[in-house]
Structure formats: structure tokens, C-alpha cells
Amino acid sequence: MTSPTPQELDGAEVLILGAGPVGLTLALTLTELGVRVGVVERGPSTKRDPRAAIVWPRVGEVLRSLGIIDRFEAAACRLQRAEFRVGGRYAGTMGLGTLPCANPFPLMIEQHVTERLLVERLAELGVRVAWRTEALDVRVRDDGAEVDVRTEDGETHTLGCGWVAGCEGSRSLVRARRGIAFEGAPRAGIECIQINAVPTWSHRDDRETGYFFIVPGRTLLACPLPDGGYRFVCFNETHGPAPQGDPTLEEITAVIADAAREPSLTLTPTTPRWFNRARFQDRVAARLVDGRALLAGDSAHVWTPVGGHGMNAGMRGAHNLGWKLAAVVRGDARRSLLDTYDHEQRAAARAVIDGLTRWKTESPSAAWVVRLIGAALPLALRNVDRFPPVEMKLTELDANHRGSPLSAALSRPRAAQPGDRLADVPVAHEGRVRPAHDLLSLKHWTLLAMTDERDPQLRRLREMTERYRSRIEVRAVRGGGRAMEPSGSAVLVRPDAHIGAVARLVDVDALGRYLDAHLVRR
């Protein structure tokens, strides 16, 4: 497919720099919501080398809201269990996919496939990426922005746009031109070595099982890939200057053999051959919204990939930014709604960085910590087959925006905490029991009224919500168990499935004041 011409890109309501998973997710979210976007990428196509390789269930929900989760499921390996070995000894197996969620299993899928699926969906919606187009400069005005680009033929063009979004990575041009500090520091004492390879070892080749190996100073993950082989990720405790260049096959084989306690292990690299060595920095941009300039993904934050949450957090952030930016562009929401993206995504980034120091199953640990893990983990896995709190953390289903200006408890919540993702539990609506998320949509807010359709209070709620330019659907529901509010409550859910406000059904005026603070009346 040919790239769009500069003339076709000029005048986009939002111009996105960078066609990685974050930029493409933002583009797709905005396009689904009727915003005209342009996407420029200096590379020649989607990435060819392996990068991020896992999609957690919370991002699966994002992809479901965009109508493409089935494509990802078809192209991925579904992880159904994680097997742990400590010091070479079997410590137990943890089952996955136990939480209420339409697509509960983590998906092993290479980043270049993720990008291809997003690009294909954008093309179906009429949006083409401008490949081999390098952004050279960015200028922001009160009413828009300009971006100078150099196209494949070497010509320079100036593109006007309403907003410019920097999704171009840790060396973000948008961040640099806006003079936004990238606050943080290098993460000391840890190095990551990665390879995609087919192993010769003693473990079964199970396309649904990931392996964790924990030894002093090293933690190794081995997860199956859809095209065969495994992604090996080894976090090593390290000090001193980093070696130059990528590891050799001999070096990485020795490291993995040591971590797996398999001296005779061999590795046959898959195609394309890819060996990687990296050290990391933990940084968050001082602001993510700067006039008409926006930051997302690695342009906004970077950290050590313990837990595999970098791409996922970036895609969730792009989805969050997308529905809010679309509402502002359409005139449905106040400009201040974008400030809540800044608040929420910076807080989310800091939470990930802070949590890395406590995630001992992947961070390399001292010998005494490994001994403690080796004693405690088998006991825990024998006595508790499933670990909802741990799985919630792994899958990002516990990611929340508590403390956000957009999260308000207008009455005392019992279970549905403002800022949390709405639990996808069965509820009764219009005579049918269905998952709660079936009532939600990226294209509207949802007011869940915990009552039945005969309640006269519903008419007052619908009259109130119809005042706003944003679409707000009022749904009468029952049930939900301990995860939902009691009868007589109202739960206002944002387009991204996070809870905005909790109130009593009779608190119509309070709900109206909440909506007035963020949305625009007709």
C-alpha cells in the first residue's frame, strides 16, 4: 500500500509521530471515534526485529474495544500456566486465565505482528501510514501545530495539524522541542539478555506454558512463540560498565544454561536471528500535555522491562489519551479533560517503576532471597492453586486511576472504587444475564443504574445525561455480586471501562455537577 502524500497529511486533526504499537493504538482509537489522523514513521515498514512479545489481558480489553481482539487471539500463543523452578528444582505451577474477563489469557505475540494487525485495521478504516517520513521539527501554537518532515524522495514539507502526538520513542523529538524534562535515572545493577531460539533441553515443548527459572543473580523467563521456539529473557545482576555490542550465541547459551541449571542446553536461533543486550533507565516526562503537543509510550516514560509491561502500559495510555482527545477535538469535552490523561498516565508510570523493586520473581536476587523464594514458593503453590491478587497484577487488570481528578466517590462505594477498571462480572440487564463489559463501549459513557427498568428514577437520570454532547447510555442492571454496588446505586463508567464516579441513584444533581466539570452541554 502506498504512503499518503504530504498534501493528504496536511490539515490532520491529530498528527501522530511514530508507528509503533502506541502510535498505532492512538491512531486507531481516534479513527474509531471519528477524528481525522495522520501517522508518520521514519522507518520503511512495521518492525522486522523482535521486540515486545506479550499482550496482557487488560490490553486485550483495549483491543476488544477496537474490534480486533479476535485477530490477536488467532495469531498468538495463549499462556495458560507458568511453571517455576528455583535453583534448578521444580517449585510448582501457577494457573492463568482465572479472572472474569472476556479474553483472560496472556498472549505471546511478536511486536511486529502486533504492528501489522494494527496497520491492517487502520487501512480498512482508510488510514495509511506515511513510511520513510522523518519528522525534523515541531512548532506548537495556541490553535494548532506544524511539523516539518522529510519524505522518501528527500523533499522537505511542512504539515499543519490541530494536535501533534509524540509516540516516536525515548529520543522523542516532540519532547525535546517542547523542552520537557525526562526525569529519572539509570537503573543500576541489572542487565537484560534476550534471544528467540529453539532449545534442546529437558522441558516439554508446551505452547501454553511459560517457564520461570530463579537462581542467585539471575532470573530467566522462557515463553513460547507462535512460529515456534521460545522468547528467552534473562535478567542478570551486573555491575560496572556494560560490554560493547550484543551477546554472542555462545555467551547467551552459557547464561541461559546456568539459569536453567542445564549444562548441556543448546539453542538454535529462529529467523530473523536476534540477540539483544540492554541496560535501562527509569524516566517519566515532566508533563505529557503541553499545549497542543502530547506524549505517549516511550516518549512519555521508560523503565526496566521486568514484568513485560512497557508496551502494554503505553498502549493502555494511548487508548486513554485517544478517547479524551477525541472528545476535546469534537467539542464534547472541556480541554481540562486532557489534563486527567497527564495525571493518570504519569501516576501509572510511577506505579510501574516503584513496583519493579518489589517484583522478586523476575528481578535478579541475592542467594539468601533465592533460598527464601525456594522455601516459600512450593508451599504457596501447593496450598493455593490460583492466585487472584498476583494474577490481577500480572495481567494489569488491577491497573487503576484512583486519585485522578476524573475519579469521584459521590457516595461511599462498597466495591466499585472510582478509578478502578469495572469488574467484568455477570449482571442482569433487560431480562438477560451478560458480562458487564458487554454493556460498555469506547463510543459512549455508561451509567449503570443498580435497579430495574420500572424504576421512575431512570427517567430523571436519562433526562440529565441527555443534556451533554457526549453520548451517555443509562443501563438498568442487577447482580454482580460483591464486585458491584448494591441496589439503589449508580456507577458511571468511562469509555475506557474505568469507573468515573459512584453515587446513589437519587444523587442526580451530584452526577450532573461531576459531568459539568468535564463535559460540554448541548
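The values are calculated or read from the model by the stated rules, or taken from the named source; none is laboratory data. This one's a predicted model, so the numbers in the text were calculated from it and none came from an experiment. We place every Cβ from the backbone using ideal geometry, glycine too, and count neighbours over all the protein chains shown. Keep in mind that these areas ignore ligands, DNA and RNA; they rest on the heavy atoms of the full protein, side chains included. Shrake-Rupley method; radii C 1.70, N 1.55, O 1.52, S 1.80 Å.
Structure summary
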{"quantity": "Coil-residue trypsin sites (Lys or Arg not before Pro) of the range 443-488, DSSP, other Cβ within 10 Å capped at 16", "calculated": "Lys443, Arg454, Arg467, Arg469, Arg471"}
{"quantity": "Extreme residue, positive dipole direction of the range 217-329, given options Ala254, Gly228, Val328 (C-beta unit charges)", "calculated": "Val328"}
{"quantity": "Kyte-Doolittle mean at least -0.5, axial Cα span of 27 Å or more - DSSP H helices of the chain", "calculated": "310-329, 337-356"}
{"quantity": "Backbone N under 13 Å from the Arg469 label point (7 Å along Cα→Cβ), restricted to the range 321-352", "calculated": "325-337"}
{"quantity": "The chain, accessible area per residue, ligands and nucleic acids excluded (1.4 Å, Å²)", "calculated": "41 Å²"}
{"quantity": "Longest site-free stretch - the chain; sites: GluC sites (Glu not before Pro), DSSP loop, at most 13 other Cβ within 10 Å", "calculated": "156-429"}
{"quantity": "Positive-pole candidate from Pro4, Pro104, Met94, dipole of the range 1-121, charges at beta carbon", "calculated": "Met94"}
{"quantity": "Fraction of accessible area attributable to carbon and sulfur, the chain (%, probe 1.4 Å)", "calculated": "49 percent"}
{"quantity": "DSSP bridge pairs, the range 27-134: antiparallel proportion in percent, nearest 5", "calculated": "85 percent"}
{"quantity": "Sequence-distant residues sharing a close amide H with Arg51 (under 5 Å, placed H)", "calculated": "Gln111, His112"}
{"quantity": "Low-density loop cleavage sites - trypsin sites (Lys or Arg not before Pro) in the range 146-193, where at most 12 other Cβ are within 10 Å (DSSP)", "calculated": "Arg171"}
{"quantity": "Unit charges on C-beta of K, R, D, E only; dipole of the range 108-249, Debye", "calculated": "340 debye"}
{"quantity": "Cα centroid of the range 272-293 to Cα centroid of the range 391-426, whole Å", "calculated": "27 Å"}
{"quantity": "Lys/Arg +1, Asp/Glu -1 at C-beta; the range 366-522 dipole; positive extreme among Leu461, Gly431, Leu448", "calculated": "Leu461"}
{"quantity": "Simple spin-label estimate for Gln281 and Arg454 in nanometres, 7 Å along Cα-Cβ", "calculated": "6.5 nm"}
{"quantity": "Förster radius 51 Å - calculated FRET efficiency between Leu136 and Arg513, Cβ distance, rounded to 0.05", "calculated": "0.65"}
{"quantity": "Among beta bridges that DSSP assigns inside the chain, antiparallel share in %, nearest 5", "calculated": "75 percent"}
{"quantity": "Electrostatic dipole magnitude of the chain [Cβ: Lys, Arg +1; Asp, Glu -1; Cα centre; debye, to 20]", "calculated": "1320 debye"}
{"quantity": "Over the chain: helical MRE at 222 nm, DSSP H runs n ≥ 4 each giving -39500 (n - 2.57), nearest 500", "calculated": "-8500 deg cm²/dmol"}
{"quantity": "Surface accessible to a 1.4 Å probe, Asp70 within the full protein complex, Å²", "calculated": "120 Å²"}
{"quantity": "Anisotropy class of the chain from Cα gyration tensor, a/c 1.5 cut", "calculated": "oblate"}
{"quantity": "Sum of side-chain charges, Arg279 neighbourhood, beta-carbon under 9 Å (Lys, Arg +1; Asp, Glu -1)", "calculated": "+1"}
{"quantity": "Computed magnitude of the charge dipole of the range 288-365 (debye, nearest 20; Cβ of K, R +1, Cβ of D, E -1)", "calculated": "140 debye"}
{"quantity": "Gain on full stretching of the segment that runs from Met392 to Ala428 - 0.36 nm per residue minus C-alpha separation", "calculated": "10.5 nm"}
